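Notes for the one structure printed next.
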Amino acid sequence: MYNESKSILSRRTKCMATIKDVARIAGVSVSTVSHVVNGTRYVSPEKVQKVEDAIRQLDELPNFIAKRSALKSKLSESRYVLILLSKKRSLFQNQVKEKLEEIVEQKGYIAISLAYDLDEDRLAAIRALAGTLDLAGMVAFPDREGVLSGAFFKGLQFPVVLIGNPVDRFAADTLLPDTFEGSYRAVRHLIKNGHERIAYLCESEVCGTQRFEGYRKALEDSGIALEKVLVRAGLKTEALAAEAMAQIVAAEPAPTAVVIADSLPLIPAIRYGIGHNIAVPGDLSVVSLNDPEWASLTTPELTCVDKQPRQFALSAADLLFRRIDRGEIANLSSPAHAYCTKTLPSILNVRNSTCGIGRGPFGERAAGAGGLALSEVEKEKIRQKQYTAAISFHYTGKAWMHLQEKGIKKVFDELGISIIAVTDAHFNAALQCKQLESIKFLKPDLLISIPVDTRGTAEAFRSIADSDTRLVLITNVPEGLTPKDYISCISVNERAHGDSMGRGLGEYMVRHGLKYAGLICHGEQNFFATKQRDGAAEQVLTEEYPEIRVCGKVNFLTEVDVYQKTLKLIGMYPEIQALYVSWDGPALEVIKALTELERTDIAIVTGDLDYAIAMQMAQGGMVKMISAQCPYEQGEAIAMVAANGLLGKAVPSFIGVEPISIDRENLLKNWKAIFKEDPPAALRNAINRSTGAL
């Protein structure tokens, strides 16, 4: 080895030693020398020592080491990092820039942030400036139009990280936002909430962006046709954005939701809505594909796609400073470390600017009960006719039915409509059919009914619909009937009901650090009401609470199934900490099963308020939140719909009355609001006792 080294040294006057010479002296491969010098792969300490000893035997550093050492030294001495924005008004770019500046300064460098605003002359001036600065590296936001090209970087000897778009014929580390998935998820959120006419506003002239493709694909996957009238592009000024809003809200029928793809049209669109009394989200749900810092400060709070600018800044800084530390530059044909391209995921932050659209059995939008009022002349006209009515309940053993009947009677008494029969089918379809036959014999002017079973009672209801008796339905529609066969169907706004329960469960779980949830849902798919309710609750949990895992779900057909279903569910998923249950009757069966299993630690959220479930909550038991229907108000709406129908007035084919969210703190107040009477003494005492115990 010594003689070989002397031989190499004797040739120093002729040429500098090469990597092969170092490998020969150290007795290792050329690739091992390269990995030791460049730090590109793990090499055993013994081989590292051999390479270092071989290099020390040379009179001067080989050229390949000297060049890298000089470049690394130059980069380590450079103290400036250029942050190059394509648009100074870009919300996302500015969010990334602010965090990057903070990191760059923490590293001991000086950040220089400039924007070229798609202006070639301005970009040329920035390029001239960059050539005069001792730059250590650059983070750049290339534009889709290609104004920032590979020519800009020619001759620049430092590492570069690109964010948002790659640059043709220029190799560098690149970070890309998943704008397709973010847009797709936002539109799917709206579609799941019952929206079908969804407008799209964007700043770019063309709609061929990944954001637009996400919008288009979400519509396509849901079987919704893309309507050009609802797409407005090229909104580069506030005036154009306001004009676009005016155009879309004037469309017939008007959209129920709008997706705003860029930051520039966002504020003008919001201003237009405020200035024209467009209620958000009641009239129009709004989603932004950017997440401004003020999004949670608006009223209502803005639902946004968060592209995670902080994560982009952290990832860009990590890539850049690793290159700087290694003395590596951009645009090498064979870099020691291959350049990476990473796509970072987007997150949908669901806030209050979007809401679900309650739907009826035929997909019709749920209307409110506000437009059913009658004039005094109309009321007197009804009184003079002395109409009669009958009520056919599926079951009358709950306060829910009694309150509906009370609300109906209150309105009918004022209008002089006589109730000649009220029947209870005890959840028996055959019995209800017989009762309907008897009611038909009485020939009432009106029949108000909730079907026990949409299939088993279909023929009996068809017979009523074909008679002179006018039909008003509660909650569900028997098979074979269409809106022309009845005046209207009235229910709770089932989507809002499910949203309320899902959000109640999610908030409770987050507040108490719980992660694992289970769902106990009504499995009768023909009941559009409970299907919509259960689906809305599950959607809220999975979309708005990503930290919660829905690890188990069971469906039941009747309340008697629930006890065994609960035992099975907890047996399969003992990690469950909280449960959604479709309504209060099944929830009581769940409580029995959990008590037997000694799992009273599991929290329950359910729907509909009655005494037994209220006492569970009042005593500090498993029930933590209830979404309560307003059955008395539903009864009033039923009666008003019937009265309008008798007058031949057009009414919505489906009306949904909004529910009320109840927890232990507001239970007594809401009991009085729902039941129209003071809460029972036992309920008040239970609240007081459990509060003292807590």
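The values are calculated or read from the model by the stated rules, or taken from the named source; none is laboratory data. Note that the structure is predicted; figures quoted are calculated from it, not measured. Every residue, glycine as well, gets a Cβ built from its backbone with ideal geometry; the counts of neighbours run over all protein chains shown. Each accessible area value is taken on the protein alone, full model and side chains, heavy atoms only, with ligands, DNA and RNA left out. Shrake-Rupley method; radii C 1.70, N 1.55, O 1.52, S 1.80 Å.
Amide H to amide H distances under 5 Å link Phe654 with Ala367, Cys489, where only residues 5 or more positions off or on other chains count and H is placed in the peptide plane.
Rolling a 1.4 Å probe across the protein heavy atoms gives the stretch 593-686 an accessible surface of 36 Å² per residue. For the chain, with all protein chains in place and a probe radius of 1.4 Å, 51% of the accessible heavy-atom surface sits on carbon or sulfur. As a test, work out the antiparallel percent of DSSP beta bridges whose residues both lie in the stretch 576-689, rounded to the nearest 5. So the antiparallel bridges amount to about 30 percent of the total. Taking every alpha-carbon pair under 8 Å whose residues sit at least 6 apart, the stretch 557-694 reaches a relative contact order of 20 percent. Only beta bridges with both residues in the chain are counted; by DSSP, about 10 percent of them are antiparallel. Per residue, the stretch 363-493 exposes 45 Å² of solvent-accessible protein surface, assessed with a 1.4 angstrom probe and all protein chains in place. Only protein heavy atoms count here; under a 1.4 Å probe, Lys515 has an accessible surface of about 110 Å².
Positive end of the dipole of the stretch 291-450 (Cβ unit charges, origin at the Cα centre): among Phe312, Cys433, Cys340, the Cα lying farthest that way belongs to Cys433. Among Lys97/Lys307; Lys515/Lys568; Lys515/Lys669; Lys87/Lys307; Lys406/Lys592; Lys406/Lys669, which pairs are too far apart, with a Cα-Cα distance over 25 Å? Cα-Cα > 25 Å for Lys515/Lys669; Lys406/Lys592; rest within.
Length available on full extension from Ala151 to Lys443: 0.36 nm per residue minus the Cα-Cα distance, which gives 96.4 nm.
Of the whole protein surface, Val411 contributes about 10 Å² of accessible area at a 1.4 Å probe radius. In terms of accessible area, using a 1.4 Å probe and ignoring ligands and nucleic acids, Phe412, Phe180 rank largest first as Phe180, Phe412. Using the alpha-carbon centroid of each, what span in Å lies between the stretch 602-635 and the stretch 524-591? Spelled out, the Cα-based centre of one part sits 16 Å from the other. With a Förster radius of 30 Å applied to the C-beta separation of Lys672 and Lys410, the computed FRET efficiency comes to 0.95.
Quick check: pseudo-label points 7 Å beyond the Cα along Cα→Cβ at Asp466 and Glu658, how many nm apart are they? Modelled inter-label distance: 4.2 nm.
Computed from phi, the 3J(HN,Hα) profile of the stretch 219-234 under the Karplus parametrisation 6.51, -1.76, 1.60 (θ = phi - 60°) reads 5, 4, 5, 9, x, 9, 6, 6, 9, 4, 5, 9, 10, 10, 10, x Hz, with x in place of Gly and Pro. Between Arg322 and Asp168, the contour length at 0.36 nm per residue exceeds the Cα-Cα span by 53.1 nm.
The angle separating the long axis of helix 562-572 from the principal Cα axis of greatest extent in the chain is about 20 degrees. Compute the whole-percent fraction of alpha carbon pairs in the stretch 569-692 spaced more than 22 Å apart. Result for the distance tail: 46 percent. Axis of helix 45-56 versus longest Cα principal axis of the chain: the two differ by about 40°, to the nearest ten degrees.
Solvent-accessible surface of the stretch 125-255, averaged per residue with a 1.4 angstrom probe and all protein chains in place: 42 square angstrom.
Note on surface exposure: Asp143, Asp678 rank Asp678, Asp143 by accessible area, highest first, 1.4 Å probe.
Relative contact order for the stretch 252-295: 56 percent, from Cα pairs under 8 Å spaced at least 6 residues apart, divided by residue count. Using the alpha-carbon positions of the stretch 263-321, Rg (one decimal) and Dmax (whole number) come out as 15.1, 51 Å. Against the criterion of solvent-accessible heavy-atom surface with a 1.4 angstrom probe, Thr600, Thr566 sort, most first, into Thr600, Thr566. Counting charges near Ser500 (Lys, Arg +1; Asp, Glu -1) among other residues having Cβ under 12 Å from its Cβ returns a value of -3. A run of the chain free of exposed loop cleavage sites, with GluC sites (Glu not before Pro) counted only in DSSP states other than H, G, I, E and B and at most 13 other beta carbons within 10 Å, reaches its longest extent at 206-546. Note that the stretch 109-121 has calculated 3J(HN,Hα) couplings of 9, 10, 8, 10, 10, 9, 10, 9, 6, 6, 9, 5, 5 Hz, one per residue in order, obtained from phi through the Karplus relation 6.51 cos²θ - 1.76 cosθ + 1.60 (θ = phi - 60°); glycine and proline are x. Annotation for Lys649 and Ala612: the two label points, set 7 Å from Cα along the Cα-Cβ direction, are 4.0 nm apart. Whole-Hz Karplus values for the stretch 596-609 come out as 4, 7, 6, 10, 6, 7, 7, 7, 10, 10, 8, x, 6, 9 Hz, taken residue by residue from phi with 6.51 cos²θ - 1.76 cosθ + 1.60 and θ = phi - 60°; glycine and proline positions read x. Stretching Thr341 away from Leu597 to a fully extended chain increases their span by 87.0 nm, per 0.36 nm per residue minus the current alpha-carbon distance.
Against the main long axis of the alpha-carbon atoms of the chain, helix 681-693 sits at an angle near 30°. Count neighbours as other Cβ atoms within 10 Å of each site's Cβ, and list the trypsin sites (Lys or Arg not before Pro) in the stretch 117-183 that are DSSP loop with at most 16 such neighbours. Qualifying residues, ordered by number: Arg144, Lys154, Arg169.
Taking a straight line from the alpha carbon of Lys381, these lysines sit under 17 Å away, with near neighbours fewer than eight places off in the same chain left out: Lys649. In the chain, the calculated helix contribution to ellipticity at 222 nm averages -14000 deg cm²/dmol per residue, counting -39,500 (n - 2.57) for every DSSP H run with n ≥ 4. Note on Rg and Dmax of the Cα atoms in Å: of the candidates [x] 34.9, 126; [y] 24.9, 73; [z] 25.4, 78, the value calculated from this structure sits at [x]. Spin-label pair Phe362-Leu129: with each label point 7 Å from Cα along the Cα-Cβ axis, the two points sit 6.5 nm from one another. Amide hydrogen proximity for Ile110: with H placed 1.01 Å from N in the peptide plane, the residues at 5 or more positions away or on another chain lying under 5 Å are Tyr80, Val81. Distances between placed amide hydrogens fall under 5 Å for Val492 paired with Val657, all partners being 5 or more residues away or on another chain.
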